[in-house]
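One structure is given here, and the rest of the page talks about it.
The values are calculated or read from the model by the stated rules, or taken from the named source; none is laboratory data. Computed from a predicted structure; not experimentally measured. Counting neighbours? That spans all protein chains shown, and the Cβs are built from the backbone with ideal geometry, glycine included.
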Amino acid sequence: MSFSARAGTFTSEAGFGSGTVTGEFGYSGEISGEDPEKSSPWGYDFSYSLSASGVGSTLRGAKSATQTDHTHTVSASVNYDAFISPGFKASYSLTPEEFLSVAEAGVFLEHRFGARKEDEETGSEENQEDEFTRFFDVSVSGDVSRYAQRFSRGGGAGRKARPSTGSLSALQTEAGLFMKAGILRWLELQASGYRYFYDRDPGAFLAQLDQQRAVATRAEDFLSTLSGFPRDRYGLGAVFRVAEVNTIETEASVSHTVVTGAATHGWNAGFKRDFGRVEAGASYSESRSGTDLQALYGLSLNIRL
């Protein structure tokens, strides 16, 4: 097998807001077989992201006026397109200011049900090309993440007092269900639910962090909870396609923290325009927990080879 750039796509995203700045670059493509001209059922993607959290903000209990966490994340996944499509993903994140590292591995299975034609009239080639196929996809996933803090002498200027040696760890297991249905040519509905389990009370682990949100190492976790590890997350969303080249996505979600059970309500919306080989987009996301409101603005650019 070989890695093919024939059907590859470069992806880039940037986000900013509420003292957070994120950037991500990635690439996705196919793993081709003996005949490179034939479409391969094997797909892959990998990415690198950097986020800075706490930029210009004052943290409770901090000795200095501002302190910033920088999180580096590398991730990769591979999947196989079949009747039941399996996949595997892995990632590693490092936040030096928090002495924090996160290693994640997960598997997922996806299946499409009940595809059928919207228009049974196939009298002309034009009608055949315009036919729409309804679909219903179900994906189940399971992830295991190990959060670890390894302490060294001194925490740096303005950091929380921590042990000079030793380590702490917490194991998180995630079980997820994601569903989407193509209802009309221009409408797709989505629903998701995730439940999280821990091998120990994560309160002691979170107590050693300057920013409890440092455990949200992935961009999609930014709005999950405003204070640390989630207990669950549920979301409902819709995708609208306008004039074939414009896509509008929106989702509302609610999640709860595992320590206090406090609820975080989230909402996000995005717009993408397809220019052929280039796709550009913009997005807005916000989360609210009590009186705490935080927002994130995003830009994306994808280039197909």
Filter result (part of a loop (DSSP other than H, G, I, E, B), surrounded by 13 or more Cβ atoms within 10 Å (Cβ to Cβ) and either more than 29 Å from the chain's Cα centre (by Cα) or at pLDDT below 90 (or both)) within region 157-195: Gly158, Arg159, Lys160, Arg162, Pro163, Arg185
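Would you mention how many residues in region 289-305 are at negative phi, without any contact (Cβ under 8 Å) to a residue 40 or more places away in the chain and not polar (S, T, N, Q)? Break it down into steps so the answer makes sense when it comes.
Let us first name the residues in region 289-305 that are at negative phi, namely 289, 291-305.
Add one more test, that the residue is without any contact (Cβ under 8 Å) to a residue 40 or more places away in the chain, and what stays is 291, 293.
From the residues that got through so far, the ones that are not polar (S, T, N, Q) too are 293.
So the answer is 1.
Can you work out which of the residues in region 220-252 that are of a type in the set (Gly, Ala, Ser) and buried (at least 21 other Cβ atoms within 10 Å of the Cβ) is modelled with the highest pLDDT?
Going through region 220-252, the residues of a type in the set (Gly, Ala, Ser) turn out to be 224, 227-228, 235, 237-238, 243, 252.
Next cut, buried (at least 21 other Cβ atoms within 10 Å of the Cβ) only: 224, 228.
Numbers: Ser224: 53, Gly228: 70.
That would be Gly228.
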Residues (surrounded by fewer than 16 Cβ atoms within 10 Å (Cβ to Cβ), outside any strand (DSSP E or B) and touching a Lys or Arg at 6+ places or on another chain (Cβ under 6 Å)) located in region 253-305: Arg277
